[in-house]
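Novice: Below is the structure I would like to discuss, written out as structure tokens.
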Amino acid sequence: MTYQHLTVERRDHIAVVTLNRPQRCNALNFEHLSEIEHCALSFREDADTRVVIFTGAGKHFSSGADLVDFPDELAQPLVVRRRRFRIGERALHAMLGIDQITIAAWNGGAIGGGACLATAADFRIGDSHCFIQYPEIDLGMNLMWQSLPLTVHLLGPTRAKRLVIGGERVHAETLRDWGLLEDVVPPAALLSTARTFAATYVNKSPAAAQMIKRSINQVMGALDRALMHMDADQNLLTHTSADQKAAAAAYAAKSEPRFSGD
């Protein structure tokens, strides 16, 4: 299939999936997320690919949800909004469900939903400019896509709170120290390093490797979906709050919001 917002290249048992909206810093709108979901699910029928590398075209891995398209989503009836708001979790779960080993070749920023995708990979290689940030808290919103458990599993509760409640921006060397990145390399070496890393897993028995991966993921995340099943509804609720409206106005005005707790 030909995608509008993705490119897929297959070579030597490795597929490279590139988020390809560089003019929007690979911001994720409904159509882009739908393509990610479709692409991730398509690997179920691909017996030749053993490793899938995800990266971003241009400067950043992904700047997260596309706020330009966001007002159009909020204009839909509630019954439609609930379904469309879950496109992010659908894309994330499709990515988590890829049988093959997955690697994020993390260039530049992985922000909000972009960070959710990066943490959904089995491994992460970062370039020296990479960073993570969850800005939802400063927009008066919770983190969606049933992605919060990924951050907790990878970093532990304290660092997850720093990122998701504190909204901290954390850069490459610290991310490596925290164990979120396997390596930090110059930008020009990012994809070649990811391919070299991938070669280790290409040369393992694919059936055994994929069964082990699935078992490890089930051990770590058996209750994740049950616990997080209403985070999209919680997000819709935040959009009825005065705090979220104040945050949206402050974002548009490039000022600091004042939160009342209402």
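Novice: Could you tell me which of Phe61, Ala27, Tyr201 has its Cα farthest along the dipole of the chain towards the positive end, charges placed at Cβ (Lys, Arg +1; Asp, Glu -1), taken about the Cα centre?
Specialist: Farthest towards the positive end: Tyr201.
Novice: What distance in nm lies between label points placed 7 Å from Cα along the C-beta direction at Ala189 and His13?
Specialist: Output for this residue pair reads 2.5 nm.
Novice: Using amide H atoms built in the peptide plane, which far-off residues or other-chain residues are under 5 Å from Trp106 H to H?
Specialist: Ile125, Gly126, Asp127
Novice: If each of Leu74 and Ser241 carries a label point 7 Å out from its Cα toward its Cβ, how far apart are those two points in nm?
Specialist: The modelled label-to-label distance comes out at 1.4 nm.
Novice: For Lys204, give me every one of the aspartates and glutamates with a C-alpha distance below 17 angstrom, ignoring sequence neighbours fewer than eight places off in its own chain.
Specialist: Answer for Lys204, where 17 Å is the Cα cut-off: Asp12, Asp46, Asp48, Asp99, Asp122, listed by chain and number.
Novice: Are there trypsin sites (Lys or Arg not before Pro) in segment 166-208 that DSSP marks as loop and that have at most 14 other Cβ atoms within 10 Å, and which are they?
Specialist: Qualifying residues, ordered by number: Arg169, Lys204.
Novice: Something else now. Along the Cα→Cβ direction, 7 angstrom out, place labels at His229 and Thr196. What is the inter-label distance in nm?
Specialist: Between His229 and Thr196, the simple spin-label model gives 4.6 nm.
Novice: Identify, among Val79, Phe123, Pro186, the residue whose Cα sits farthest towards the positive end of the charge dipole of the chain, taking +1 on the Cβ of Lys and Arg and -1 on the Cβ of Asp and Glu, with the dipole about the Cα centre.
Specialist: Of the listed residues, the answer is Phe123.
Novice: Between the helical axis of 206-221 and the dominant principal axis of the chain, each derived from Cα atoms, what acute angle in degrees is found, rounded to the nearest 10?
Specialist: Roughly 30 degrees, rounded to the nearest 10.
Novice: In addition: Under 18 Å from a label point 7 Å along Cα→Cβ of Ala252: give me every residue in segment 38-78 with its amide N that close.
Specialist: The answer is 66-76.
Novice: Select from segment 44-104 those trypsin sites (Lys or Arg not before Pro) which occupy a DSSP coil region and have at most 14 other Cβ atoms within 10 Å, ordered by residue number.
Specialist: Loop-located and lightly packed - Lys59.
Novice: Could you tell me the distance between the Cα centroids of segment 143-222 and segment 55-104, to the nearest Å?
Specialist: Rounded to whole Å, the Cα centres lie 18 Å apart.
Novice: To continue, here is another question. Before anything else, pin down the relative contact order of segment 6-202: Cα pairs under 8 Å, at least 6 apart, normalised by residue count, whole percent.
Specialist: Worked out over segment 6-202, it gives 21 percent.
Novice: Separate question: Over segment 1-68, what is the relative contact order in whole percent, taking alpha-carbon pairs under 8 Å and six or more residues apart?
Specialist: 42 percent
Novice: For Cα pairs less than 8 Å apart in space and 6+ apart in sequence, what is the mean separation divided by the residue count of segment 109-206, i.e. the relative contact order in percent?
Specialist: Once normalised by length, the contact order is 35 percent.
Rule-based calculations on the coordinates, nothing more; no lab input. Given the structure is predicted, the values throughout are model-derived calculations rather than measurements. Because the Cβ atoms are built from the backbone with ideal geometry, glycine has one as well, and the counts that use them run over all protein chains shown.
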